[in-house]
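Working notes, beginning with the structure itself.
Any read-out appearing in this document is the output of simple, stated calculations on the displayed coordinates, not a laboratory observation. This one's a predicted model, so the numbers in the text were calculated from it and none came from an experiment. Cβ atoms come from the backbone with ideal geometry, glycine included; neighbour counts cover every protein chain shown.
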Amino acid sequence: MSSRARVRRTAVALPLVCSLLLVAPACGGGKKESKSEASPTTSAEKQKFAKTRFVANAGLAAGATYKWIVKPYKAGAFKSGEKGRVKALAKAALAGTFTYNRLKAAKKNAEGDPTLSKALAPLAAGIESLKGLPGKLKKGDAVDGDVNSFQDVINKVKDAGKGAGAEVKDKTPSASELGSGG
């Protein structure tokens with residue numbers, strides 16, 4: 001590189017660097033913010049929003065269970081030879097996985113609130129018992145007891161929430177929420 005090109009490059013770069021050094025402190029570039037202050041995941045904020053998150057997750061679980069598992073099952077959509085059976089079973093299996101995922105999230109949210117935590121503690125085994133049911137639904141092996149167990153766990157979670165001051169209402173998830181697992 002010629003000396004003339006170096007001089008030209010320096011002549012352009014020097015004022016640019018100087019202006020950045022002068023402007024950056026004025027814009028607050030030298031001031032660092034603490035992420036712990038702005039983070040909604042501090043223990044105090046988790047405690048503060050535990051009931052809200054619990055209600056949202058449990059409501060989505062309840063809505064998915066009713067719309068894609070209980071209602072089609074009662075309508076006979078899972079019976080052998082029924083038109084649309086495979087599609088109904090696939091949706092039910094997806095909803096079962098979604099429900100299990102949201103109930104686990106609701107249980108974790110409940111741990112942030114002392115009252116909810118105590119109310120939901122006895123239901124941990126019931127929530128875990130749902131883990132294998134989506135596979136049964138997918139295969140078409142679900143029986144009355146399997147579908148009823150989804151509904152029973154949902155009802156117990158709703159009752160526990162209501163008793164702890166966090167009333168849960170069914171909220172049907174969108175197809176994209178259901179597909180993404182919540």
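Kindly provide the GluC sites (Glu not before Pro) of segment 92-176 that DSSP labels as loop, not H, G, I, E or B, and whose Cβ sees at most 16 other Cβ atoms within 10 Å. Taking segment 92-176 and a limit of 16 other Cβ atoms within 10 Å, the loop GluC sites (Glu not before Pro) found are 111, 167. How about segment 147-182: which trypsin sites (Lys or Arg not before Pro) there lie in a loop by DSSP and see at most 15 other Cβ atoms within 10 Å? Of the trypsin sites (Lys or Arg not before Pro), the ones in loops of segment 147-182 whose Cβ has at most 15 other Cβ atoms within 10 Å are 169. Per residue, the convex hull spanned by the alpha carbons of segment 88-182 comes to 89 Å³.
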